[in-house]
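Notes follow once the structure below has been shown.
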Amino acid sequence: MTEAEKFANEVEANIDSLSKDKMLQTLSQIWLRDTARHKWSYNFRWMGRPAIQLPNDAWAMQELIWDVKPDLIIEAGIAHGGSLICYASMMALLDMAEAVESGGVVDPVKTKRKVLGLDIDIRAHNREAIEAHPMRPWIQMIQGSSIAPEVVSQVHEIAKGYKRILVSLDSNHTHDHVLGELQAYAPLVSKGSYCVVFDTCVEDMPATPSADRPWGPGNNPKTAVWEYLKIHPEFEIDKSIHNKLLITVAPDGYLKRIA
């Protein structure tokens, strides 16, 4: 066994141990609950743009993107564009790594890799900042509801030109909306890649933080995931990811396509 294999086994054992530590899991949920009222996730930026994401989940997405090496990422929910920029920067790094291996150089104008962002309302100041960002060659945006037939049709048409697709769902968090997104975009996910459903943690939180929102316990991304998986065995929850993160907004939300 190589040293790398030994380390990988140690990490696997660590994650298994974390999954069985119920007290630590409870403490993590308390931490997530108590920081939510301070909007802790608003505090972070990626390459200058507010990301509104937990650093743990951003790191997990970096790992997935590097492992899957997608040529298309579909993200529902743009907001200020931080996650969009994050994923685009990872696509740029994938292009760079491939260029180094082949002895070539990265030409952003000719890159095939793309992050396709969807949002019902791309505010003018956010669009302007995203379109002026150095990562813009890797980004395309569509304004409209992510479950509107015309938007779904446009995304599917774009996706025809790509082989390895990863999906991130982080827009309207109601059960019906997320279930509609899963039905629309999960089929585009390539085998071995992921459909990541954010804010499944709403199911495990008190109703108070969602008091002014149309979602809450019993009506949220996690309930949509559970319903979708009942008839879609081609996906499974990759529990190793939320087990190792402990603090995540996406418990049961990292869905791996296995068939």
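The table below lists the values:
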| read-out | value |
| --- | --- |
| Volume in Å³ per residue [convex hull over Cα atoms, computed for region 3-257] | 141 |
| Measure of compaction for region 218-259 (Cα Rg per 2.2 N^0.38 Å) | 1.16 |
| Chymotrypsin sites (Phe, Trp or Tyr not before Pro) within region 43-83, DSSP loop, no more than 13 other Cβ atoms inside 10 Å | none |
| Restricting region 161-259 to trypsin sites (Lys or Arg not before Pro) in coil, as DSSP defines it, with at most 12 other Cβ within 10 Å | 163, 191 |
| Sequence-distant aspartates and glutamates (8 or more away, or on other chains) whose Cα lies within less than 16 Å of residue 6 | 16 |
| Most mobile of 184, 76, 132 in a GNM of the chain (Cα contacts under 10 Å) | 132 |
| Length-normalised contact order for region 197-259 - Cα pairs under 8 Å, 6+ apart - percent | 41 |
| Where trypsin sites (Lys or Arg not before Pro) fall in DSSP loop in region 1-54, at most 14 other Cβ within 10 Å | 37, 39 |
| Helix-only [θ]222 nm of the chain, DSSP H runs n ≥ 4, -39500 (n - 2.57) each, per residue, nearest 500 | -14000 deg cm²/dmol |
| Max mean-square fluctuation residue, GNM over the chain, Cα-Cα springs under 10 Å, options 92, 60, 13 | 13 |
| Nearest-20 debye value, the chain charge dipole, Cβ charges on Lys, Arg, Asp, Glu | 280 |
| Top of 179, 24, 94 by mean-square fluctuation, Gaussian network on the chain, Cα under 10 Å | 24 |
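Throughout, read-outs are computed from the coordinates displayed, never taken from laboratory work. In this text the structure is predicted, and so the values were computed from the model without any measurement. Positions of Cβ are backbone-derived with ideal geometry, glycine not excepted, and every protein chain shown enters the neighbour counts.
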